[in-house]
Structures are given as C-alpha cells and as structure tokens.
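Here's the structure, in structure tokens; my notes come after.
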Amino acid sequence: MSVKIRLTRGGAKKRPFYSIVIADTRSPRDGRFVEKVGTYNPMLAKDHPERLVLKADRIKHWLSVGAQPTERVAKFLGQAELAPMPKYRETPSKSAPKAKAQERAKAAAEAAAKAAEAPAEA
C-alpha cells in the first residue's frame with residue numbers, strides 16, 4: 001500500500017480549512033484516511049500559531065515507514081524542519097519566449113539604445 005501525507009479540504013465555501021492526513025494514494029482527496037496528523041488554516045495570519053499545527057512525532061514515524069508528502073505538505077514539513085526543504089525551479093521554462101521572440105526583443109532593445117544615444121551626440 002503506497003501512502004501519502006496530504007491535505008484534505010474542509011470548511012465552508014470560500015473559507016477553506018485543511019486537515020493534514022495520512023491516506024492511501026488510491027482514496028479520494030476528502031475520502032478515507034489512515035490518521036490525521038495536523039491542520040492548516042490559510043485564513044489566519046502567517047505568524048499565527050494555529051495556522052499550521054503538526055504532530056511531529058507521528059509525521060516522523062510515517063516518513064520513516066515510507067510515506068511520501070505532497071508538494072505543499074513537503075513545503076510545510078521543510079519549514080517545520082521535519083524534512084528537507086524541497087527544491088523548486090525559480091522560472092519555469094515553458095513560459096519563456098521562443099527563440100524568434102527573444103531575437104525581436106533583443107533587436108528592439110538595441111534600437112532603443114541607439115535612439116537614446118543619437119540625441120545625446122547631437
């Protein structure tokens with residue numbers, strides 16, 4: 001059985017509240033879980049102590065057994081120093097302009113630089 005540490009959504013419409021649970025990967029997001037190991041309330045201020053509540057000993061146990069955290073939970077665990085902080089790419093490569101668009105932008109920048117120099121010389 002592969003196990004994940006993930007968020008399950010609760011709360012009212014437009015007022016989210018998440019439980020951090022240990023669940024089988026095949027079960028639905030808000031469905032059956034094995035154990036509840038924490039809570040996350042994004043509506044509270046970032047420095048509020050009840051924004052993120054974790055049961056550190058149980059999380060360490062499940063990580064030692066082989067449970068894999070999701071990306072968001074891995075970030076929480078990294079901030080709480082229960083697991084190494086995940087590495088994220090700074091800029092995604094898909095959103096970068098293609099080669100021709102980069103050439104046009106470079107040419108436009110050079111033309112603007114020449115236009116700025118021409119009045120200064122006259």
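The values are calculated or read from the model by the stated rules, or taken from the named source; none is laboratory data. Not measured: the values here are computed from a predicted model. Note that we place each Cβ from the backbone using ideal geometry, even for glycine, and neighbour counts take in every protein chain shown. These accessible areas exclude ligands, DNA and RNA; they are computed on the full protein's heavy atoms, side chains included. Shrake-Rupley method; radii C 1.70, N 1.55, O 1.52, S 1.80 Å.
Consider only pairs whose beta carbons are under 9 Å apart and that are at least six residues apart or on different chains; among these, list those whose first residue lies in segment 27-52 and is free of Cβ contacts under 8 Å to residues at least 24 places away in the same chain and over 19 Å from L77 (Cα atoms) and whose second residue is open to solvent by 50 Å² or more (accessible area, probe 1.4 Å) and in a strand (DSSP E or B).
From segment 27-52, the pairs are R29/R9; D30/R9.
Considering K60, K4, which residue is under 17 Å from the mean Cα position of the chain (by Cα) and not polar (S, T, N, Q)? Full working, then the answer.
Details: K60 fails: under 17 Å from the mean Cα position of the chain (by Cα).
Going through K60, K4 in turn, just one is under 17 Å from the mean Cα position of the chain (by Cα) and not polar (S, T, N, Q): K4.
Taking strands (runs of 3 or more DSSP E) that fall entirely within segment 1-66, which contain at least 1 residues that are surrounded by 13 or more Cβ atoms within 10 Å (Cβ to Cβ) and not hydrophobic (A, V, I, L, M, F, W, C)?
3-12, 15-24, 35-40
How about segment 75-101: which of its residues are open to solvent by 90 Å² or more (accessible area, probe 1.4 Å) and either in a helix (DSSP H, G or I) or at pLDDT 90 or above (or both)?
Q79, E81, K100
Give the residue, chosen from R72, R104, that is within 21 Å of T25 (Cβ to Cβ) and modelled with pLDDT of 90 or more.
Working: R104 fails: within 21 Å of T25 (Cβ to Cβ).
Among R72, R104, only R72 is within 21 Å of T25 (Cβ to Cβ) and modelled with pLDDT of 90 or more.
Restricting the first residue to segment 1-22 and requiring it to be more than 14 Å from T39 (Cα to Cα) and in contact (Cβ under 8 Å) with a residue 12 or more places away in the chain, which pairs with a second residue that is of a type in the set (F, W, Y) and open to solvent by less than 60 Å² (accessible area, probe 1.4 Å) meet a Cβ separation below 8 Å and a spacing of at least six or different chains?
If the second residue must be of a type in the set (F, W, Y) and open to solvent by less than 60 Å² (accessible area, probe 1.4 Å), the pairs left are V3/W62.
Kindly indicate which of V21, V34 is within 27 Å of M1 (Cβ to Cβ), at pLDDT 90 or above and more than 20 Å from the chain's Cα centre (by Cα).
That would be V34, the only listed residue that is within 27 Å of M1 (Cβ to Cβ), at pLDDT 90 or above and more than 20 Å from the chain's Cα centre (by Cα).
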